[in-house]
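What follows is a set of notes on a single structure, which appears directly below.
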Amino acid sequence: MSGSFHTLFLVLLGVLTACAQTEMKRVVGDNATLPCHHQFWAGDAPTLDIEWLLLKPSSKQRVVITYFAGRVYDPNEAEAGRLSLAGDYLKGDASLLISDLTLGDSGEYSCKVKNGGKYQWSTVNLIVLVKPSKPRCWMEGRLLEGSDVKMSCKSTDGSDPINYKWERLLDKGKYVGKLPPLALIDLKNSEIVTLRNLTKDSAGVYKCTASNDVGEESCTVEVKVHYVRGMGVVAGAVVGVSFGVLLIILIIWLVFRKKEKKKYEEEETPNEISPALEAPAQAPPPTTVPMVHNTCHPGGPAPAPDLTWPHLQ
């Protein structure tokens, strides 16, 4: 009696175990073994039947692999060898091995085992995921003391949801520390962190880790804080050099302007007419002395003197 009860208990335990649904998450390119165990022994009589079906996501069931009449049948000729029975299926291990997983392998699988009118089955929900690609880290803002800088990182590939976490590396990356007290994390976009009011204590290397259920990748960014005093000296030097260049340009312009003015004056001088040369000076009229002709004529009175002015020669 006790032996029969023990056997019945094992059978029921096997059925319950087989009926339990299992969820598995694997990475693209890996191998996955979908478990299926039964309590049937084939013995010498080849009455054991094993059938693996893909139930979802398609609404139509698809046969994946079967064992029937002492032979294994793989209907997936295009993928021959990628799916196989992993264990000793004649002695209780009818697990399915899927090699080199692809996203198309995701779905709900059912294992049915029959022997002499008795059935056992189990279901496995296989989720094939892509781990996050290596993220890219970058910064936005001015790395000046007292300023704010925004750090961001992003993975271009990977199955959702992808979680992001920022940490600070200490002692050349040997340790991981917390972010500065004034660091602001964007609750809606955890890949964005703002370092507020930069100080010398804000300088260092920061690490961003992108992760999902099947893997993680990370990147780093280095924050170098430039102090206002140092920046003032640099700014002063730049202003001084700029002023010097402008001064040299101004001097050159003045010299050139002066030469142009002098040349202009030299060209204008010969064209000017002196008032002294505008008309010849008029000579004063010559002083004339009346001439008296004292001519004596014999036999008659002397003629009257000629008082007319001689003509100007």
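Only the coordinates and a few stated rules stand behind these numbers; no lab work does. Just so it is clear, the structure is predicted and the values come from calculations on it, not from any experiment. Reconstructed Cβ throughout: ideal geometry from the backbone, glycine too, with neighbour counts over all protein chains shown.
Some values worked out for this structure:
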{"item": "Estimated vicinal HN-Hα couplings, Hz - segment 102-111 in sequence order (Karplus 6.51, -1.76, 1.60; Gly, Pro = x)", "result": "10, 4, x, 7, 5, x, 9, 9, 10, 10"}
{"item": "Share antiparallel - DSSP beta bridges, segment 13-129, percent rounded to 5", "result": "80 percent"}
{"item": "Charge tally in the Cβ shell below 10 Å around S133, where Lys, Arg are +1 and Asp, Glu are -1, S133 excluded", "result": "+2"}
{"item": "Whole-Hz couplings from phi, Karplus 6.51/-1.76/1.60, listed for segment 134-148; x for Gly and Pro", "result": "4, x, 10, 9, 8, 10, 9, x, 9, 7, 10, 4, x, 8, 10"}
{"item": "From the C-alpha gyration tensor of segment 61-106, square roots of 5λ in Å", "result": "19, 13, 9"}
{"item": "Cα coordinate range in segment 13-129, projected on the principal axes (Å, largest first)", "result": "40, 31, 25"}
{"item": "V214 long-range amide H proximity, modeled H, under 5 Å", "result": "none"}
{"item": "Placed amide H near C36: partners under 5 Å, 5+ positions off or other chain", "result": "A94, S95, L96"}
{"item": "Counted charge near L195, where neighbours are those whose Cβ lies closer than 9 Å (Asp, Glu -1; Lys, Arg +1)", "result": "+1"}
{"item": "Net charge contributed by nearby residues that have their C-beta within less than 15 Å of A78 (K/R +1, D/E -1)", "result": "-3"}
{"item": "Spread of Cα-to-Cα distances over 5 Å intervals beginning at zero, given as percent, for segment 136-228", "result": "3, 14, 25, 24, 18, 9, 4, 2, 0, 0"}
{"item": "Per-residue ³J(HN,Hα) for segment 66-82, Karplus 6.51 cos²θ - 1.76 cosθ + 1.60, θ = phi - 60°, Hz, x for Gly and Pro", "result": "9, 10, 8, 6, x, 9, 9, 10, 10, x, 8, 5, 5, 10, 4, x, 7"}
{"item": "Sequence-distant residues sharing a close amide H with I192 (under 5 Å, placed H)", "result": "D186"}
{"item": "Convex hull of segment 75-217 built on C-alpha atoms - directionally averaged projected area, nm²", "result": "13.7 nm²"}
